[in-house]
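Below: one structure, written as structure tokens.
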Amino acid sequence: MTPVTETTTSTDFDQLSINTIRTLSMDAVQQAKSGHPGTPMALAPLVYTIWNRVMRFDPQDPIWPNRDRFVLSNGHASMLLWSVLHLTRTQAVNADYEKLGHASVTLDDIRRFRQLDSKAPGHPEYHWVSGVETTTGPLGQGVATSVGMAIAKKWLANRYNRPGFPIFDYKIYAVAGDGCMMEGIGSEAASLAGHLGLDNLCWIYDNNHITIEGNTKIAFTEDVAARFLAYGWNVLRVGDANDIERIEHALDVFKKETGRPTFIVLDSHIGYGSPHKQDTAEAHGEPLGDEEIRLTKRAYGWPEDAKFLVPDGVYEHFEDGIGTRGANARQEWSQLFEAYRAQYPELAAEIDQMQRRELPNGWDRNLPVFPADPKGIAGREASGKTLNILAQNIPWFLGGSADLGPSNKTLLTYEGAGHFQANSPAGKNLHFGIREHAMGATLNGLALSKLRPYGATFFIFSDYERPAIRLASLMELPTIFVFTHDAMGDGEDGPTHQPVEHLASLRAIPGLVTLRPGDANEVVEAYRYIMQLRHQPAVLVLSRQPLPTLDRTKYAAATGVSRGAYVLADTPGGDPEVILIGSGSEVSVAVDAHEKLVAEGIRSRVVSMPSWDIFEHQTQQYRDSVLPPNVAARIAIEQASTFGWERYVGAKGRVIGMTTFGASAPLKELQRKFGFEPARVTAIAKELLGRG
Ligand SMILES: Cc1ncc(C[n+]2csc(CCOP(=O)(O)OP(=O)(O)O)c2C)c(N)n1
Ligand SMILES: [Mg+2]
């Protein structure tokens, strides 16, 4: 190995840079007394090669649209990312895409690895550190998200590239460990990527045979390479993770491959260079210890007592590599884009808007308005009509379903909508197959690429997608999750298909906007609200069965949806003695009960509450005007777990909801059995008012 003091040649600088990544990682974990040193030590040569020799990424502009993407799916090895972001002097950008004029990750951040406010947190966090392409840590999410990035690139290239104008021609590199290969989401995503022939996607598998409990032979003995061959990937192997020439060669093979994604099996040694910890599970997630660090640095030819050392010339070496290559690539692209703008001003304007997560002019023209109709229309139907308008108004709005398009009504049926496949990358209908979890992550990958995606399945299967929904919220991405069959409306399918606790569980995710509209016009208003979100994901919860379309000349306008909850029907003079609060299919139950109560001289009010989250963000004054604090007689009605409704009905109120699973029966019988009928509401209202 090359001693620090004797460096001269560029080969020496390769090794010196690699060892800088290794020792920064070891020192940071030791200082934090927590973290994962072993994998950064093993993968430093790989990450070095990708970044300094291959990737087209300009550290001066980490959000340049045509940059290559790097995803660290084994997010516990975050020190790899903090090291290269620091050594490349990648610049910080804020949420409004403004360059802040300072480094994204400083050496001081690395010294404060895993500490409060450090830009070197435990795992890569998209919204927190510039240069991180996606949040990772839950294993498998990163690789699955990379599939969305690869789909996005194909779609973007098809729409915007023109002869002589390869505006979008980037590649996506994802690094993953055994965990990402074991997790189901990784397999779902690999299967989808193979089917779609995503040849712009390269996964590098850190084949170190080690996970937390020890050698992978205790639980994971399949032939991973054979599995990827079966998925239709191009499978390569590099037998020595320290051989950067071979790594670069494999990456070259990837770049030339057409029609298939590439999977590189990289045989590595976790904790490489550590005399006592290499190839052990201890190297995975524990600091090496001061003495072992000393011995390892000695093995690297590093000054044994130096800490957080970046030797002379290392920053410059990255500057000469990725810095120069990235700056040139971006400058060439910028010139290309200006010429493109002159020739294709409309397309260029679209790209500009999309990059800022803005909507095109006229994005909401022709949205449907549904006339009053007691029989009404299903939430999913109203959604389908709305989606079909939005997709025509917004070029980069696209989506699909996990094989339930005909049921979810998410199919785009207008002429020219098309279906995204390997040979038809213009399609706006995506087909995720029955892979909800990968669908969620793929949607996030699309949103990270600045497209505006939606994905659908039955509400019950939000459980199969939940980790990706949570990450969308953590990343502050405007991903749209559409769910239909929101309660007992699918009756005969029974309790396996009837969501109960799902609303409560999604409402508990910080930052997520959950909306359960009460009629067709509320569905439209829900979309109008959601589409304007730039940094928040939304969940739309829709009925399978028809819901009466309320007469908005008699009741309040559906635009109240934008406030989360609003007074839909009131007592004359607005001085209610009882408040009925409902969402979704229970809004019309509340309205029926209200009419009966009013007819009996009871001063009732109906509050339609499609979204707790939006309502919570209104002023106290508004919230009090909807739910006056002096009215204690309150009834919430919702075909879902009662969990949490106390906050709106108070100690003296009541909740008509679910405390058990549902049952298999026709809808009407279920509504009777579980008490979602106007008569029950009126009876409870009178009981609360002491007029029973
Ligand atoms: C979904 C999920 N389950 C469990 C964990 C906890 N965890 C973090 S790292 C790890 C072991 C990962 O092994 P591998 O991917 O081989 O990484 P290596 O130790 O080789 O770097 C586990 C179980 C996690 N982060 N995500
Ligand atoms: Mg491993």
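The values are calculated or read from the model by the stated rules, or taken from the named source; none is laboratory data. Worth saying up front: this structure is predicted, and the values here are computed from it rather than measured. Note that we place each Cβ from the backbone using ideal geometry, even for glycine, and neighbour counts take in every protein chain shown.
Out of the residues in the stretch 154-186 that are surrounded by fewer than 24 Cβ atoms within 10 Å (Cβ to Cβ) and under 18 Å from the mean Cα position of the chain (by Cα), which is nearest to N423 (Cα to Cα)? It comes out as G184. Scanning the stretch 249-299 for residues that are among the hydroxyl-bearing types (S, T, Y) and more than 13 Å from ligand 1 (Cβ to nearest atom), which turns out nearest to V147 (Cα to Cα)? Per the criteria, the residue is T262.
Scanning the stretch 205-227 for residues that are surrounded by 14 or more Cβ atoms within 10 Å (Cβ to Cβ) and away from ligand 1 (no atom under 11 Å from the Cβ) returns V224, A225, R227. When you check L85 against the structure, is it closer than 28 Å to T23 by Cβ, within 16 Å of ligand 2 (Cβ to nearest atom) and in contact (Cβ under 8 Å) with a residue 12 or more places away in the chain, yes or no? Criteria not met by L85. Of all residues assigned to the stretch 192-204, none qualifies as being within 11 Å of ligand 2 (Cβ to nearest atom) and either crowded, with 24+ Cβ neighbours inside 10 Å or farther than 28 Å from R53 by Cβ (or both).
Selection of the stretch 115-153 for residues being at positive phi, buried (at least 24 other Cβ atoms within 10 Å of the Cβ) and away from ligand 1 (no atom under 16 Å from the Cβ) yields only G131. Looking only at the stretch 165-188, decide whether some residue is within 16 Å of ligand 1 (Cβ to nearest atom) and in contact with a Lys or Arg (Cβ under 6 Å, 6 or more places away or on another chain). Yes. The set of residues from the stretch 263-278 being under 19 Å from R237 (Cα atoms), part of a loop (DSSP other than H, G, I, E, B) and in contact with a Gly (Cβ under 6 Å, 6 or more places away or on another chain) comprises just one member, I270. Looking across the stretch 64-78, the residues that are within 16 Å of ligand 2 (Cβ to nearest atom) and buried (at least 24 other Cβ atoms within 10 Å of the Cβ) come down to L72, S73, N74, G75, A77, S78. When you look at L81, is it in contact with a strand residue (DSSP E or B) (Cβ under 9 Å, 6 or more places away or on another chain), closer than 19 Å to V47 by Cα, modelled with pLDDT of 95 or more and within 16 Å of ligand 1 (Cβ to nearest atom), yes or no? Answer is yes for this residue.
The set of residues in the stretch 335-380 that are outside any helix (DSSP H, G or I) and within 21 Å of P478 (Cβ to Cβ) comprises R356, R357, E358, L359, P360, N361, G362, W363, D364, R365, L367. Per the listing A225, A241, A219, the residue uniquely within 16 Å of ligand 2 (Cβ to nearest atom), touching a strand residue (DSSP E or B) at 6+ places or on another chain (Cβ under 6 Å) and farther than 30 Å from L16 by Cβ is A225. On inspection, R356 fails the criterion of being touching a residue at least 40 places away in the same chain (Cβ under 8 Å), of a type in the set (K, R) and either surrounded by 18 or more Cβ atoms within 10 Å (Cβ to Cβ) or touching a helix residue (DSSP H, G or I) at 6+ places or on another chain (Cβ under 8 Å) (or both).
Going through (1) in contact (Cβ under 8 Å) with a residue 40 or more places away in the chain; (2) surrounded by 16 or more Cβ atoms within 10 Å (Cβ to Cβ) one by one, A417 falls short only on (1). Out of the helices (runs of 4 or more DSSP H) lying entirely within the stretch 99-186, which hold 1 or more residues that are in contact with a strand residue (DSSP E or B) (Cβ under 8 Å, 6 or more places away or on another chain)? Output list reads 141-160, 178-182. Taking the stretch 492-574 and the strands (runs of 3 or more DSSP E) fully enclosed by it, the elements with 3 or more residues that are of a type outside the set (S, T, N, Q) are at 538-541, 546-549, 566-569.
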